[in-house]
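S.K.: There's a structure below that I have some questions on.
The values are calculated or read from the model by the stated rules, or taken from the named source; none is laboratory data. Nothing here was measured: the structure is a model prediction, and the numbers come from that model. Reconstructed Cβ throughout: ideal geometry from the backbone, glycine too, with neighbour counts over all protein chains shown. In case anyone asks, the SASA skips ligands and DNA or RNA and just uses the protein heavy atoms, side chains included. Shrake-Rupley method; radii C 1.70, N 1.55, O 1.52, S 1.80 Å.
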Amino acid sequence: MSQPFVRLCLALHNHQPVGNFDNVIEQAYEDSYLPFLEMFEEQRSLAISLHISGPLALWLTGNRPEYMARVRALVARDRIEIIGGAFYEPILTMIPSRDRRGQINRYRQWLNQQFETTVRGMWIPERVWEACLVSDIADAGIEYTILDDYHFRCAGLGDDQLHGDYVTEDQGRVLRVFPGSEQLRYLIPFREPQESMDYLRQIAVQWPGTTVVFADDGEKFGTWPETRQHVYDNGWLQRFFDALAANSDWLQCTTLQQALSNSIPRGKVWLPAASYREMTEWSLPVKKQIQYDHLVHELQDDARWPDLRPYLRGGFWRNFKQKYSETAEMYARMMHTSQCVEDALVKLGNEPLLEQARDHLYQAQCNCPWWHGAFGGVYLPHLRNAVFHHLILADNLLDRCLTQKPATSIEAADFNFDLSTEVRLANENLIAWLAPAMGGHLYELDIRSIGHNLLATMQRRPEAYHEKVLKGPGSRTDGAASIHDRVVFKQEGLEQLLQYDTHPRKSLVDHFWPLDCTSTEFQSGHARELGDFVCGVYESRIRRGADRNQLKMSRHGVVDGRPVQIIKAVTLDHGSSTLEMAWVLEGLPLDAPLRFGIEFNFAGMPAGVDDRYFSDAKGGRIGQLGESLDLTNCTGIGLSDEWLRLSARLIWDRPGDLWTFPIAAVSQSESGFERIHQSVVVQPTWLVSADANGRWAVKIKLHIRTNDGDNRPAVDEQIRASDHRPETIVFK
């Protein structure tokens, strides 16, 4: 009988997203990355595998080069194996094949140079897997990767098959794959080290000579809530290292590369589309997610649960695009830019400006704002802003390269992959994206000089964890617990803030309200919509001119049972920073007035601080952007963000009422439930009385002004501007 023996591979994944606050990264460095390294340096018999994502590696190189030098020294002594990945940590299944290979290749080469090593393995962001990735990963020069043992269970493997590594294949290309232990993910560092030793000892006895992999976030060791005190101050990590040393006669702590060199694959396996177990649950529609959660809790005490669990599965990662329309918008926008970059590269070759454009594209593919669960930042405005920021900068560089492209243009295509036509209206200063088939909305407005999308908004919607929010902060979690088990309320009264939107918070949204409707009813969501124009389908027609382009949209709809037509047009002139908009209402009843409102939303201009404010027609301040205003006999309003050096002013040619209020979502993060400002609603509204022909009209201009002089904050700092408090943000 073989002597008990097992290899343990500790693979740490350290990551910070593109667009994160510098002070948050600095805090993670002080709480996790540096103290772990300092303690590990003293453990001369131990070796680990380390993945540092590209955004974090660039930050460390620029801000903490001494840290990178210390890691480099440990690599030279075979104490640390560097694991590669896609440079800016995208979800690989969400980007084109060419970008997958490009990001993996570029980062592998960068790491080889920085650490004077040969990178053989890679980290799969969020372990989001589809079989088609194998050929791209192998073609990019990678030999192995790590997924969760959940992936292998979904392929039908049992407990006795979840150690060592396997070969998987696609289109004749092969890759070795390790299953990472979910059991160890929950033991380390939340339970005493002896429990991990007991678990590993059991494996060593039952399956001697095998390899067990712990692969998880380095932020668990100090950055996650309460873990700094638990891991370092209370001595958990020292006890863990001591336990590894004390059991070294049967437990060898080694790197993944060393494990590969000393073992052969256990066989072949083809893994289904999956991520780690929790992620598959988060990707479900909310109602199904709640049902799934309740079902799991009901079955956990059933004697059949161990046999049933492998067959109870969550959802498919790509359906985050269905769950969050904001993710679908970022995805479609990214795909458009990716194709434009590829077309330019084919036409012009690897010119320096195009390489810069491609790097901005890659940065925009960073995964963190594309999803949401206990982690994930779709609710975090500064991360969504970062995506659009880099896409807009890529567009600017493309225009500089393709000088024959007209500065003023209008294009109609299915940009959103929904079998409907969207319209891109652009000049040197602005890019307006409109969706005639979705209420004729203006759904993206890019300010090119500062790389900012004024419509990176977020619709408030139900979340499965809102059940916990509604119960209030009666039960709190104390001490260091897994993120998945924490119940923490970061502000009081969150249960009273839950409110859900019935339509996307975009601009050019056409509303008809009862005559006595108030701003309070509109803000609370209790106002009764009388028309069917909010998300209705508009017909569209493009008008092109030498120096002026226009999108004209029209819809025959119904208001309170009566037929009404809306015709609206959006015009952009060459060299202008003003969107000109006009509405004509036809077929109005002659005997009864209507209340008509046009909703605008402004995102990325945070609320609650004095340097972000409303102003009246004379430029006088009339309140912070987070305030609710109810004004009468108004012809315009300004919104200013002095940090961004941005001013947006709406002017209309018919006096009317004006309602404004902030949009804030109740969201979940690693550190608890919290309120996050998303956008500001601005709605001019009129009591509409038809003329003799049953018509009524209004013109609105949106003036954009930026100050991009030398005294303006650096663009990379602008995209971080948010009223979301930096000290509360922790990233996976």
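S.K.: What is the dipole size for the chain, taken about its Cα centre, with +1 at each Lys and Arg Cβ and -1 at each Asp and Glu Cβ, in debye to the nearest 20?
M.R.: Roughly 1280 debye, rounded to the nearest 20.
S.K.: Output the relative contact order of the chain, whole-number percent, from Cα pairs under 8 angstrom with separation of 6+ residues.
M.R.: Worked out over the chain, it gives 12 percent.
S.K.: Out of Phe241, Thr210, Asn693, whose Cα points farthest toward the positive end of the dipole of the chain (charges: +1 Lys, Arg; -1 Asp, Glu; placed on Cβ)?
M.R.: Of the options given, the answer is Asn693.
S.K.: Separate question: Using a ≥ b ≥ c from the Cα gyration tensor of the range 244-377 (square roots of the eigenvalues), is it rounded, prolate or oblate, where a/c under 1.5 gives rounded and otherwise the larger of a/b and b/c decides, a/b for prolate?
M.R.: Cα axes put the range 244-377 in the oblate bin.
S.K.: Ignoring ligands, DNA and RNA, what percent of the accessible area of the range 625-686 is carbon or sulfur (1.4 Å)?
M.R.: With neighbouring chains kept in place, the figure for the range 625-686 is 45 percent.
S.K.: Rounded, prolate or oblate: pick one for the range 9-58, where a ≥ b ≥ c are the square roots of the eigenvalues of its C-alpha gyration tensor, a/c under 1.5 means rounded, and failing that, prolate if a/b is larger than b/c, else oblate.
M.R.: oblate
S.K.: Separation of the range 27-67 and the range 596-630 by C-alpha centroid, Å?
M.R.: 43 Å
S.K.: Follow-up question, since we're still on this one. Among Leu380, His390, Leu345, pick out the residue whose Cα is farthest towards the positive end of the charge dipole of the range 290-390, where Lys and Arg carry +1 and Asp and Glu carry -1 on C-beta, about the Cα centre.
M.R.: Checked the options; the winner is Leu345.
S.K.: Follow-up. Can you find, among Tyr443, Gly557, Gln113, the residue sitting farthest towards the positive end of the charge dipole of the chain, where Lys and Arg contribute +1 and Asp and Glu -1 at Cβ?
M.R.: Looking along the dipole axis, the top candidate is Gly557.
S.K.: If you don't mind, another one. Carbon-plus-sulfur fraction of the accessible area of the range 213-332, 1.4 Å probe, in percent?
M.R.: It is 49 percent, rounded to a whole number.
S.K.: When N counts the residues of the range 413-562, how does its alpha-carbon radius of gyration compare numerically with 2.2 N^0.38 Å, as a ratio?
M.R.: In units of the 2.2 N^0.38 Å rule of thumb, it is 1.41.
S.K.: Another question about this same structure. Can you give the relative contact order of the range 526-620 as a percent, counting alpha carbon pairs under 8 Å and 6+ residues apart?
M.R.: For the range 526-620, the relative contact order is 17 percent.
S.K.: Turning to a different aspect of this structure: What shape does the range 273-323 have by the C-alpha gyration tensor, where a ≥ b ≥ c are the square roots of the eigenvalues, rounded means a/c under 1.5, and otherwise prolate means a/b greater than b/c and oblate the rest?
M.R.: Oblate, because a/c is 1.5 or more while a/b does not exceed b/c.
S.K.: Which trypsin sites (Lys or Arg not before Pro) does the range 591-667 hold that lie in a coil by DSSP with at most 14 other beta carbons within 10 Å?
M.R.: Filter output for the range 591-667: Lys618.
S.K.: Please report the relative contact order for the range 87-152, taking Cα pairs under 8 Å with a sequence separation of at least 6, and give it as a percent rounded to a whole number.
M.R.: 40 percent
S.K.: Per residue, how much accessible area does the chain show when a 1.4 Å probe rolls over the protein heavy atoms, in square angstrom?
M.R.: I get 38 Å² per residue for the chain.
S.K.: Need the list of lysines near Lys552 for cross-linking: C-alpha distance under 22 angstrom, and skip anything on the same chain fewer than eight residues off.
M.R.: Filter leaves Lys506, Lys568, Lys699, Lys701.
S.K.: Okay, next question. So if I average 1/r over every pair of distinct C-alpha atoms in the range 105-254 and take the inverse, what Kirkwood radius in Å does that give?
M.R.: 17.2 Å
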